[in-house]
Each structure stands twice: as C-alpha cells, then as structure tokens.
Amino acid sequence: MSQPRLLLFVPTYNERHNVERLCAELRGLGLGADLLFVDDNSPDGTGEVLDRLARAHADVRVVHRGGKQGIGTAHRAGIAYAYEHGYDLLVTLDADFSHSPADVPRLIAAHDDDTDVVVGSRFLRGGSLPGWSLHRRLLTMLGHALTTTLLGIPYDASGALRLYDLRRIPRELFELSTAPAYAFFPESLFVLHLNGCRVREVPIVLPARVYGSSKLTIREAARTARSLLRLWFTELVTPERYRRARKIDALRPLDDAQGWNTYWTQATDGIGTAYQAVAALYRRRVLKKNLERWLGRHFPEGAHLLHAGCGSGQLDAHLHRRVRVTAVDISAPALERYARNNPEAYRVEQATVFDLPYDRDAFDGVFNLGVLEHFPGDRIHAMLREFHRVLKPGGKIVVFWPHRFGSSVLFLHGLGRALRVLGRRQPLHPREVSLLRSKRAAVRVLDAAGFRLVDYAFGPRDFFVQSVIVASKE
C-alpha cells in the first residue's frame with residue numbers, strides 16, 4: 001500500500017524572522033511531506049524569504065495573496081490547494097512557533113482508519129499553558145466554554161494545529177464554513193462534527209513566550225465570541241445550513257396552492273427571526289421528545305414510517321436510528337432542507353399528500369406535525385383516505401393537530417392582530433383554517449376516513465399546544 005501524500009500548511013503574515021527556521025524544522029522531521037506557505041503580502045518581506053526557500057527546496061510551495069484577508073480565508077485557501085493537488089492528509093499549524101513542529105508526528109501517529117480529524121488540544125492535561133497571564137487564560141477558557149456549551153463540540157475547537165484526512169472528508173463540508181477570521185476554527189470543526197466526522201485529540205503545550213505578541217487580541221476574541229453566538233443561533237433556527245446536501249431525484253414544480261415554496265424561501269425581518277428562534281427552541285426542547293415518545297409507544301423498532309408533509313424535518317434526526325422513515329413533501333425547498341437535516345433517512349421524495357406514489361399497504365405507520373390545520377375539511381378527508389390506502393392492515397397514523405384553544409394558537413392570534421395594527425403584513429406562519437375543536441370532532445373526522453381512534457392527548461406535556469391523535473386503520 002502506497003504512503004498517503006502529506007501536505008503541511010502554514011499561513012503567514014509578517015513572519016520573516018520565523019519562516020526560515022520553521023521550514024528547516026518541518027523538513028527535518030523526515031515525513032516526506034510537501035510544505036505550503038500562503039502569504040498575505042506581508043509588509044516585512046516574508047514573501048521574499050518564502051520564495052527563496054521554494055527555489056532552494058523542491059518540496060516547498062508558496063502562494064501569494066494580494067493583502068491581509070483573514071486567517072480563516074487563508075486556511076480555506078490551503079485546504080482548497082490540498083484538494084486540488086491530490087493530497088491525502090493535510091496538517092495545519094501556525095508560523096509563530098505557538099505550535100511545536102515536534103507535535104506534527106504526534107498528530108500523524110494518532111490518525112488511523114477510524115479518524116477523520118486529529119486536533120491538538122490544550123485542555124487534555126494540566127500545565128498546557130505555562131506562564132500565561134490570568135486574562136489570557138480566562139479568554140481561552142471562556143472560548144472553550146462557549147464552544148462546548150453553545151455548540152456541543154467536546155474538543156479544543158479554537159486551535160489551528162490539526163490533521164485532516166481529505167480522503168474521508170467531503171470537500172463541500174469545508175465550503176459550509178464562511179468565517180474569515182479566527183472564528184473559522186470553531187465553525188469548521190463544528191461543521192465537521194455536525195456531519196459525523198470522527199475527531200481525535202492529542203495533548204499539546206503552548207508556551208507563553210509566543211503569546212506575548214499574539215495576533216489574537218481581545219478585540220478579535222470578542223469578535224470570535226459574537227461569531228459563535230451567531231453560529232449557535234443560525235444552527236438553532238436553520239440547522240440544515242451547516243449540513244451536507246443529499247441529492248434528491250426528480251424535483252419539479254407541483255401545484256402549490258398553499259404557497260409552501262414561498263414559506264420555505266421567504267426572507268424574514270427581526271420579528272420573524274425572533275419568532276423562528278422561539279419556535280425552534282420549542283421544537284427541540286419539547287416537541288422533539290413528544291414525537292419520539294409517541295412513535296416509540298406505537299411502533300416497534302424497524303417499522304417503516306411515512307412522514308407525510310415532512311417540511312424541513314428538524315425533529316426527525318434521531319428517529320432513523322430506530323425506524324425507517326420515508327419523507328415526502330410538495331415543496332422542493334423544504335425537501336432540500338429535510339435532506340440536509342436527515343442524511344440517514346430511508347427515502348426523501350417529492351409528492352403531494354393527496355396522491356402518494358406508493359402501493360397499497362406499503363407502510364406500518366404515517367405521521368405528520370402541523371399539517372392538517374392548513375387544509376379545509378374536504379382536503380383533510382382526502383389526505384386521510386390516502387393515508388388509509390398506503391397503510392398496512394392495522395397500521396396507525398400519528399398526527400399533531402393544533403387545538404383551537406391551544407396556548408400557541410391563542411398567543412399567535414393575538415400577536416398577529418397586534419402586528420397588523422402596527423402595519424406588518426407578512427404572516428409569521430402559514431394560515432391555519434382547520435384547528436381541531438375537540439376530541440369528539442377528531443373521532444368524526446377519523447371515522448369518516450376509515451380510522452379508529454386509539455389514543456388522544458391534549459395537555460401540559462407540551463404546554464397545551466397541540467392535540468396528539470393516534471388512530472388505526474380499520
């Protein structure tokens with residue numbers, strides 16, 4: 001088996017006094033690696049020194065950029081170079097000796113066939129920050145606390161000493177990270193972690209002498225903290241933004257009388273964004289657990305379920321470990337979001353819930369959340385009859401149907417009236433024309449479509465927001 005092609009990447013800006021020694025120490029490791037320096041037109045003449053090194057050594061490459069564009073963009077340039085030139089492994093490190101060249105072989109030794117990323121960590125051992133001042137320790141600890149609590153990254157996410165296995169990491173994952181400066185490091189690792197890349201850490205030591213003139217100023221640290229908060233908020237409201245796209249075949253325009261394509265693509269103002277944030281918190285903290293509880297109660301492991309009217313599918317991610325989910329929706333933008341949020345879904349297909357492209361008796365169950373209330377009674381009946389057709393004998397439906405006296409319905413109606421008085425015309429959510437009136441009304445609707453009510457709940461578990469209806473095919 002041939003040795004993997006290895007590239008060592010170092011971004012530079014005003015590192016004239018470091019790069020010659022750094023180049024010598026990296027080449028002296030005997031790794032058989034190429035060295036890539038990306039210089040942002042350093043005023044101190046770093047670029048000229050690098051050009052001289054490249055002329056002297058065949059394994060040294062230099063890329064010159066027009067000016068200082070940010071450490072994040074420099075790393076993206078180095079990563080792009082590695083992919084375009086066919087390297088298998090990429091090691092990144094700083095030019096100022098904050099990262100010891102001697103740690104590079106340790107990263108390589110920690111890499112194996114089950115590892116996608118190896119990260120040099122300052123938090124695995126005590127004494128890794130010798131001589132650091134108190135305020136720099138506090139800044140570092142605060143950054144680590146933000147990445148672990150806000151983003152759920154259990155690694156040292158703000159350091160540049162890393163090894164990437166480019167054979168295992170799709171290039172488009174790096175393209176999902178757009179931060180130009182130091183926020184690139186937590187953002188890129190967050191994207192990789194979110195998309196299932198396996199990360200391993202090795203302990204490193206960062207001496208204080210390097211940080212006496214650190215480029216990471218307090219202002220830059222504050223800017224990075226703001227970027228982390230934005231990253232957390234974006235992932236909360238639209239988690240698909242940071243997930244790799246899954247291809248969906250045969251997307252096409254369908255009759256969209258309800259305006260779902262507009263709903264999934266419209267821009268939002270400040271009020272709409274605030275509403276989406278609150279709704280996302282409710283979905284993740286309350287509705288997700290409720291959905292998993294009801295599906296777990298009524299369907300065995302391995303059951304094949306149809307999510308009819310799946311939307312963006314933010315709540316489905318953990319279902320795929322237990323059941324097979326086929327997801328359908330009329331809206332192409334919604335399906336694209338669903339595919340990003342649920343790469344493990346059994347199938348993701350475009351269809352209308354009134355004409356499902358499946359044989360009779362195809363599914364063990366059908367479920368949806370917040371769909372029925374957007375259609376008049378005759379369309380609800382047609383939808384339920386189609387569910388009846390594709391269900392196996394004895395199969396069940398689980399639907400979450402907002403109650404006319406639900407807490408969210410009452411609040412949003414009041415808020416909507418207030419916003420209209422203030423001149424806001426853009427609705428916060430699609431129009432609800434068929435809110436559930438009572439359990440008795442649910443029984444009548446189900447009975448007319450050939451279903452028997454099995455279970456019903458409307459109560460404090462979800463703060464009196466939606467009725468949960470479970471019915472079996474007669």
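The values are calculated or read from the model by the stated rules, or taken from the named source; none is laboratory data. All values derive from a computational prediction rather than experimental measurement. Cβ placement follows ideal geometry from the backbone for every residue including glycine, while neighbour counts extend to all protein chains displayed.
Before moving on, here are some points about what is shown:
- Among the residues of the range 290-314, those identified as touching a strand residue (DSSP E or B) at 6+ places or on another chain (Cβ under 7 Å) and farther than 21 Å from S472 by Cα are G311, G313.
- Taken over the range 282-302, the criterion of being surrounded by 13 or more Cβ atoms within 10 Å (Cβ to Cβ) and closer than 30 Å to A418 by Cβ is satisfied by Y282, R283, R284, V286, L287, K288, N290.
- From H413, H374, H388, residue being surrounded by 16 or more Cβ atoms within 10 Å (Cβ to Cβ) and either farther than 28 Å from K289 by Cα or modelled with pLDDT under 95 (or both): H374
Results for (1) crowded, with 18+ Cβ neighbours inside 10 Å; (2) modelled with pLDDT of 90 or more; (3) of a type outside the set (K, R), shown as yes or no for each residue.
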{"position": "R167", "(1), (2), (3)": "no, yes, no"}
{"position": "F174", "(1), (2), (3)": "yes, yes, yes"}
{"position": "R209", "(1), (2), (3)": "no, no, no"}
{"position": "R223", "(1), (2), (3)": "no, no, no"}
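- Looking only at residues in the range 269-315 that are of a type in the set (A, V, I, L, M) and touching a Gly at 6+ places or on another chain (Cβ under 8 Å), the one that is nearest to V409 (Cα to Cα) is L295.
- Of all the criteria given as (1) closer than 21 Å to F174 by Cα; (2) touching a Lys or Arg at 6+ places or on another chain (Cβ under 6 Å), the one not satisfied by G45 is (1).
- Verdict on L31 being more than 34 Å from the chain's Cα centre (by Cα), touching a residue at least 12 places away in the same chain (Cβ under 8 Å), surrounded by 14 or more Cβ atoms within 10 Å (Cβ to Cβ) and under 25 Å from V117 (Cβ atoms): yes
Every residue, every condition in (1) among the charged types (D, E, K, R); (2) on the phi > 0 side of the Ramachandran plot, yes or no:
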| residue | (1), (2) |
| --- | --- |
| G30 | no, yes |
| D34 | yes, no |
| G47 | no, no |
| I71 | no, no |
| A77 | no, no |
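- In this entry, V470 is excluded by the filter for residues that are β-branched (V, I, T), part of a loop (DSSP other than H, G, I, E, B) and within 34 Å of the chain's Cα centre (by Cα).
- Selection count where residues are modelled with pLDDT under 75 and either more than 23 Å from F400 (Cα to Cα) or part of a loop (DSSP other than H, G, I, E, B) (or both), scope the range 240-261: 11
- Among the residues of the range 346-367, those that are surrounded by fewer than 22 Cβ atoms within 10 Å (Cβ to Cβ) and under 29 Å from the mean Cα position of the chain (by Cα) comprise Y346, R347, E349, Q350, A351, T352.
- Residue identified as touching a Cys at 6+ places or on another chain (Cβ under 9 Å), assigned by TED's automatic domain parsing to the domain that holds R200 and surrounded by fewer than 17 Cβ atoms within 10 Å (Cβ to Cβ) among H85, H57, H64, H17: H57
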